[in-house]
Each structure stands twice: as C-alpha cells, then as structure tokens.
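Structure first, commentary second.
The values are calculated or read from the model by the stated rules, or taken from the named source; none is laboratory data. These figures come from a predicted structure and were not determined experimentally. Every residue, glycine as well, gets a Cβ built from its backbone with ideal geometry; the counts of neighbours run over all protein chains shown. Accessible surface areas use protein heavy atoms only, side chains included; no ligands, DNA or RNA. Shrake-Rupley method; radii C 1.70, N 1.55, O 1.52, S 1.80 Å.
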Amino acid sequence: MIDILREMVSNALADAVRDGEIALDQMPVPFFERPRDASHGDWATNVALQSAKAAGVPPRKVAEIIANRMAGHPDIDAVEIAGPGFINIRLSARALQRVIADVRAQGSSFGSLTIGAGQKVQVEFVSANPVGPMHVGHGRWAALGDGIARVLAHAGYTVEREFYINDAGVQMDIFGKSVAARYLELCGQTVAFAENWYQGAYITEIAREIFDAEGEVWATKSAEEREAHFTAKAEAQVLEHLERVLHGMGVDFDVWFSERTLHAPGPNGEPSAVERGIATLRDAGYIYEQDDALWFRTTDFGDDKDRVLKKADGDYTYFAADIAYHANKFDRGFDRVIDLWGADHHGYVKRMLAAAAALGHPGKLDLVIGQLVNLFRNGEAVRMSKRTGEMVTFEELLEDVGADAARYFFLRRSTDQPLDFDIELAKQQSSDNPVFYVQYAHARICAILRKAAGADTSDLDIDVASSVAAIVAPDAKLELLDAEPELSLMRKLAEFEEIVEVAALKLAPNKLTTYAEELAATFHQFYTLCRVIDPDAPELSAARLHVVDATRIALACVLGLVGVSAPERM
C-alpha cells in the first residue's frame with residue numbers, strides 16, 4: 001500500500017509541475033508513517049514540507065495542490081491537511097477490500113519482502129558453554145535468535161543460524177576434572193573435590209552415564225589421560241543434550257562451530273586462526289607490544305581503552321579468539337553478522353565493533369544484548385528447581401509450559417528489557433494468557449470455516465487449511481464489506497507487511513507478538529459485532545468468510561514467524 005501511495009503522491013507532484021502549478025527541479029521521495037491518532041487517517045506524509053523550500057511555495061499550499069489532485073481517486077476516502085503542511089490520507093473501503101484478495105492470494109508468503117535482496121546474513125545465538133544445562137536466559141536468546149532469523153528470511157535475506165561452542169580454555173579443563181572426580185566416587189574412591197569445580201547434580205549424572213557404559217576401566221588410568229577422556233565424553237553428552245532441548249523448542253542450527261578449531265595449527269603447520277587474526281591487525285597497524293604483552297589499539301575505534309590479545313605469560317585472551325572467530329565469519333562471505341549476547345557481555349560491544357572495523361568490515365556486525373529472565377509462579381519469584389533444588393533449567397521450563405508458550409513469552413518484550421516470566425500464566429487457557437488468546441483466535445476462525453462447510457465445529461475429519469478453497473466462494477462480493485468492524489480488521493491486516501519490515505530492520509521480533517495480539521483482538525471484536533454465517537444474508541456471509549479466512553492466514557503467518565503453532569482446534 002505504501003508503494004501505491006508513494007506512486008500516487010509522486011504522480012500528483014509531477015502533474016502539478018507539468019501544469020505549472022509549482023516549479024521543482026528535483027522530485028522528492030515521499031515518506032509515510034502511521035498517524036499516532038487513528039482519527040487522523042491511515043497514513044501521513046510530510047512531502048509538502050520537503051518540497052516547499054525548493055518550490056518557493058508555503059508548505060500548506062504544496063499540500064493543497066497534492067491533496068486536490070489525489071481527491072477522487074477510488075483508493076482514497078479522504079485527504080486532509082494538518083499543521084504546517086502534513087498530508088493525512090484515509091484509504092477507501094475499496095483499497096482495504098483489495099487487501100483481502102492479496103492476503104488470500106499470497107497465503108503463507110503473506111508479508112514477505114525483498115528488502116534483504118538475498119544478502120547473506122549469519123545469526124549466532126545461544127552459544128552456551130558445553131559444561132552443563134542451559135538456564136532460562138539461554139532459552140530467551142534461543143527464541144530471540146530464531147525469531148530474528150525467521151523474520152529476516154521472510155524479508156528476503158539468506159539466513160544461516162550458528163552456535164559457537166566455547167570448548168577451549170580453563171573452564172573445559174575444570175569440567176573434565178569435575179566429571180572425572182564424580183566417576184571415581186562411583187568407583188568407590190574418595191576424592192578431594194576442589195571448590196572451583198562444577199558442583200551440580202548433573203555432573204554426577206554425566207559421570208554415571210559414562211560409568212554405566214564403560215565400567216571402572218578409567219579408574220586406574222593416569223589423571224591426565226582420564227580427565228582428557230572425560231572432558232571429550234562429557235562435552236559430547238552436553239552438546240547432544242543442548243541440541244535435543246533446542247530442537248524441542250523448534251530451534252535448529254545450520255552450523256555448530258568449535259572454538260578449539262581457532263587455536264589449532266593448520267594442516268601443514270600454518271599459523272592458527274588466532275595467530276592469523278592478530279597478524280591481520282598487525283599488518284593494519286593496530287597491534288603494539290607493552291609490558292611483554294600484545295595489545296590491540298581499540299581506542300582508535302572509540303573504545304575507552306586498548307585491549308590485551310596475548311598476555312605476558314604467552315596465553316591468548318578470549319578476545320583474541322573472538323577476533324579470529326569473526327574474521328572467519330567474514331571470510332565465509334557473510335554480508336552481515338548478527339551476534340546475540342547475554343547482558344554480562346555489554347562491556348564487550350565496543351571492542352568487538354572495533355575488531356570488525358579493523359578487520360575491514362565496518363558496519364557489518366550487529367550486537368544484540370539480551371537481558372535476563374526473572375521467573376515467577378503466581379506472582380512469586382521462582383529461583384530453585386522443585387526437582388533438584390538447584391537453578392530452574394531451560395529444559396524444565398519447556399517441560400512445564402511447552403514450547404509454544406515459552407517461545408511466545410520470551411519474544412513479548414524488547415531485547416533490552418528484563419523479562420518477567422510467569423509460569424502459571426503461560427499455562428492458563430484463558431484470554432489473560434497472550435499466546436492462548438492469539439492461538440484461540442486462529443482456532444475459532446477454523447471452527448467458523450468448518451461450520452460454513454456444514455460440518456460440526458469439532459469434526460476431526462476436516463482439515464481447514466487444505467479444504468478452505470471449497471469452503472470460501474471465489475466470487476464473493478467484497479464490496480459489501482464496509483461496516484466499521486470489517487474495515488478495522490482489514491486495516492489491521494494491511495499493517496502486517498510494515499510490521500515485518502520494522503521487525504527485520506530493527507531486529508525486533510517483539511513487534512510480531514504485539515501485532516499478533518492486536519490482530520486477534522481486532523478479529524474478536526469483529527466476530528462479536530458481525531454475524532459471519534447468516535442464512536438471511538448469504539452474499540454478505542460469503543464476503544465475510546473471505547475476511548475471516550484472510551485473518552486465519554495472517555495469524556498463521558505471524559505465529560509462524562515467532563515459531564509458534566497455529567492450531568485448528570483448541
């Protein structure tokens with residue numbers, strides 16, 4: 001619709017210039033926005049203010065010229081001038097009715113865009129250390145990352161999802177020692193368990209799985225050999241667990257990237273990826289030595305201080321590996337790289353942006369910081385698992401509320417806001433539960449369509465999605481749809497494309513959940529005020545079935561973009 005309005009306004013200006021009403025050497029590109037007050041119309045543009053100075057005419061005069069030339073167009077109900085020269089436009093019923101046909105013609109591709117132009121984008125998210133179960137914060141980042149990937153794909157980008165496995169460094173060594181110690185205890189040995197080792201009950205569970213599978217064979221091996229074996233085995237078990245839990249939420253990764261590979265030398269003894277990354281920065285003039293350490297001059301890119309890449313003891317910092325990792329990403333040909341990090345990584349943003357710029361890719365890295373999740377049950381804070389007495393894991397939350405509710409609740413707030421997640425609310429089957437409210441709207445529509453087919457609304461033999469062509473008459477008179485509840489529903493449907501665009505450009509899938517709830521509310525209001533299946537008005541009923549079916553399609557599309565199912569029955 002914006003494209004149609006842009007063409008309409010541009011043509012009005014061009015015709016005015018041609019007829020000598022105003023003089024313009026260069027035509028402006030009209031921009032449109034939704035008025036804050038719906039009573040001011042469907043769209044507003046400031047094109048008259050953009051043109052006035054060049055035309056040497058007051059903005060309101062330019063606005064009047066444009067408005068006069070747009071008046072009478074069949075897609076326009078009213079054009080009004082506001083303030084210093086804003087043009088408010090209200091669409092006609094005909095234009096809104098056309099949206100219904102567009103939605104039904106596009107089906108599952110409704111709202112898809114080409115703004116991405118096929119650009120190759122990588123979204124890296126979750127990236128938990130493979131040393132134990134995921135916490136609920138990881139669940140939020142899983143929903144956010146996958147939601148961003150889905151909406152970018154719908155907007156025309158080519159998207160790849162990646163999980164970065166932090167499997168190098170001291171924490172992995174501690175993890176292996178912890179599991180090996182619990183294994184020895186299962187073998188009947190007494191072990192001095194260090195305070196900094198992993199204490200959770202899951203460590204014993206991992207050790208028991210290895211003990212059950214391999215017996216006591218490792219009890220007599222050297223500590224070095226035993227710990228290396230247990231580190232590898234335990235990591236594999238944790239990764240399998242992480243992949244299974246994420247898959248259960250509908251999140252699957254295209255690439256699982258190991259940090260260890262960044263430290264490994266090349267096949268013929270070539271420098272490691274970490275060493276190559278530092279060499280690239282050195283060649284660009286951003287590396288210097290001080291106090292026996294190697295430093296990256298991140299202050300050249302706005303960081304508050306320079307950062308160490310190689311310490312005086314010869315060990316590389318985590319930042320050095322991060323630089324190598326991002327160099328690898330860009331070497332793989334991504335036009336844009338998006339990282340989702342936890343709130344504890346906020347201080348890393350400037351240095352990582354500095355690294356991307358120094359590597360020759362300024363502006364191609366987006367860093368999204370996800371805030372933490374606070375769990376509640378009926379308003380009471382939940383901090384411990386009922387089952388283990390330790391933290392509530394992401395897997396437990398999924399088991400408690402289900403994947404649909406978890407994903408939806410995780411996406412309801414902006415990434416920069418902490419999220420209060422009420423477990424009992426997420427399980428309620430009532431209008432107070434937003435995901436139930438939206439899914440129920442879709443299920444109610446399916447029941448209406450089944451009824452229109454002459455079936456019992458609970459008939460399990462009718463699949464609405466595959467039968468709708470036989471249920472909704474193709475030659476319905478959509479011009480009958482001019483009551484305000486019908487027009488409001490069509491206006492809401494017409495917003496979806498711009499919602500997708502905003503969500504994609506701002507990396508904000510919460511815009512989708514907000515829209516889903518608004519669309520569901522608008523439909524419920526329509527259904528309350530408009531009788532869909534009316535034997536006394538068959539032509540109107542046929543037309544209303546079109547708008548009902550278009551709403552079904554839109555609800556399924558928006559739920560699909562947030563990774564939530566659209567049930568036909570509830």
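Farthest toward the dipole's positive end in the chain, which of 564, 12, 375, given Cβ charges of +1 (Lys, Arg) and -1 (Asp, Glu) about the Cα centre?
Projecting each Cα onto the dipole axis, the largest value belongs to 12.
What does the charge count around residue 213 come to, taking other residues whose C-beta lies under 14 Å from its C-beta (Lys +1, Arg +1, Asp -1, Glu -1)?
-4
Can you give the charge dipole size of the chain about its Cα centre, rounded to the nearest 20 debye, using +1 on the beta carbon of Lys and Arg and -1 on the beta carbon of Asp and Glu?
980
How much area per residue is accessible in the chain when the probe is 1.4 Å and only protein heavy atoms are counted (Å²)?
Using a 1.4 Å probe on heavy atoms only, each residue of the chain averages 46 Å².
In whole Å, how far is the Cα centre of region 374-431 from that of region 529-562?
33
What percent does the relative contact order of region 211-329 come to when contacts are Cα pairs within less than 8 Å and at least six residues apart?
Taking the mean separation of contacting Cα pairs over the length of region 211-329, I get 17 percent.
Compute, for region 21-173, the length of the dipole vector about the Cα centre, with Cβ point charges of +1 (Lys, Arg) and -1 (Asp, Glu) only. Units Debye, rounded to 20.
480
Would you mind calculating the relative contact order of the chain from Cα pairs under 8 angstrom and at least 6 residues apart, reporting the percent as a whole number?
With pairs under 8 Å counted, the relative contact order is 15 percent.
Could you tell me the accessible area of residue 70 in Å² (1.4 Å probe, neighbours in place), rounded to the nearest ten?
Accessible surface of residue 70 is approximately 0 Å².
May I ask for the net charge around residue 14, where only other residues with Cβ less than 13 Å from the Cβ of residue 14 are counted and Lys, Arg are +1 while Asp, Glu are -1?
-2
On the full set of protein chains, 1.4 Å probe, figure out the accessible area of residue 10 and give it in Å² to the nearest 10.
Approximately 40 Å² for this residue.
Among bridges DSSP assigns within the chain, what percent are antiparallel (round to 5)?
Expressed as a percentage, antiparallel bridges in the chain total about 50.
Which of the three applies to region 219-374, rounded, prolate or oblate, going by the alpha-carbon gyration tensor with a ≥ b ≥ c and a/c under 1.5 meaning rounded?
In terms of gyration-tensor shape, oblate.
Computed from the coordinates I sent, Rg/Rh (Cα atoms, Kirkwood Rh) equals one of [x] 1.03; [y] 1.06; [z] 0.93. Tell me the label.
Label of the calculated value: [y].
Taking all protein chains together and a probe of 1.4 Å, list 289, 568 from the most accessible to the least accessible.
289, 568
Assuming 0.692 mPa s and 37 °C, estimate D for region 514-560 with Stokes-Einstein, Rh taken as the Kirkwood radius over Cα pairs, in µm²/s.
290
Mean shadow of region 168-225, computed from the convex hull of its alpha carbons, in nm²?
4.1
Can you send over the solvent-accessible area of residue 209, 1.4 Å probe, protein chains only, in Å² to the nearest 10?
So the heavy atoms of residue 209 present about 110 Å² to solvent.
I'd like the distance separating the alpha-carbon centroids of region 90-139 and region 489-507, in whole Å.
Computed from Cα coordinates, the inter-centre distance equals 10 Å.
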